[in-house]
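Everything below concerns the one structure shown next.
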Amino acid sequence: FPATEKHYNDIMQLREECSSHTTPSGVPLLKPLSGLGLRYVLNKTLVLEHRGTVVGTIYIHHLQGRPNIAMLGGFAVGENHQGSDYGEALLTSALEKVKEAGLKKAVSITASDAVKHLYKKHGGRESSTDFPHVLKEAKKRYGSDQHLVELYSFDTDQKA
């Protein structure tokens, strides 16, 4: 369900926990986000709670300059809850929200093998030609590990 101000601290804690997962050269797989940055995307964030604690997040916003395209980001599932289908539930919900909003497609960037597998399982297709400027910009953050970064595209007419 959509995040509210009451989720802010839990989301920050989850992001901190998930930031321990890094590429071989030590770049966090989850893009760092300041408190102000989180406040900016809070109303665009879906959270998944388990026993009153936020265990997963994903946010949805429009791709800059492309009003019919959604960008998925902040995809995180707590370490103790990975492998529990929470990631699948979050991704499915996010793709449903994109479709309900009438958007043509969603894109997301990741360097995580587990997330790449999940994206493929849910109809995401890896593409270096869709939105190359977005991929190029994202790769800058990864330095020598930029070869791990891929952009995935989801058509809303596909079944997630």
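Report Arg15's accessible area, 1.4 Å probe, all protein chains in place, as a number in Å² to the nearest 10.
20 Å²
Could you order Arg51, Arg141 so the one with the most accessible surface comes first? Probe is 1.4 Å.
Ranked from most to least accessible, the order is Arg51, Arg141.
How high is the relative contact order of segment 1-129, in percent, counting Cα pairs under 8 Å that sit 6 or more residues apart? Working shown, then result.
Numbers: 173 pairs, mean separation 27.9, N = 129.
Relative contact order here is 22 percent.
Given a 1.4 Å probe and every protein chain left where it sits, what share in percent of the accessible area of segment 4-84 is carbon and sulfur? Could you put the intermediate results ahead of the total?
Numbers: 2250 of 4530 Å².
Looking at segment 4-84 in its full context, I get 50 percent from C and S.
Over segment 54-160, give the accessible area per residue in Å² for a 1.4 Å probe, as an integer.
Here the residues of segment 54-160 average 52 Å² of exposed surface.
Given the pairs Lys116/Lys139; Lys31/Lys97; Lys6/Lys44; Lys44/Lys99; Lys105/Lys140; Lys31/Lys116, which span a C-alpha to C-alpha distance of over 18 angstrom in this model?
Pairs exceeding the cut-off: Lys31/Lys97; Lys105/Lys140.
Which whole number of Å³ per residue matches the convex hull of the alpha-carbon atoms in segment 7-160?
Roughly 111 Å³ of hull volume per residue.
Compare the Cα positions of Leu72, Asn9, Thr57 along the charge dipole of segment 1-110 (+1 at Cβ of Lys, Arg; -1 at Cβ of Asp, Glu; about the Cα centre) and return the one farthest towards the positive end.
Most positive-ward Cα: Leu72.
What size of dipole, in debye to the nearest 20, comes out for the chain about its Cα centre when the only charges are +1 on Lys and Arg C-beta atoms and -1 on Asp and Glu C-beta atoms?
460 debye
The values are calculated or read from the model by the stated rules, or taken from the named source; none is laboratory data. The model shown is predicted, which means the values in this text are computed figures rather than measured ones. Glycine also receives a Cβ, built like all others from the backbone with ideal geometry; neighbour counts cover every protein chain displayed. Just so you know, the surface numbers come from the protein's heavy atoms only, side chains and all, with ligands and any DNA or RNA stripped out. Shrake-Rupley method; radii C 1.70, N 1.55, O 1.52, S 1.80 Å.
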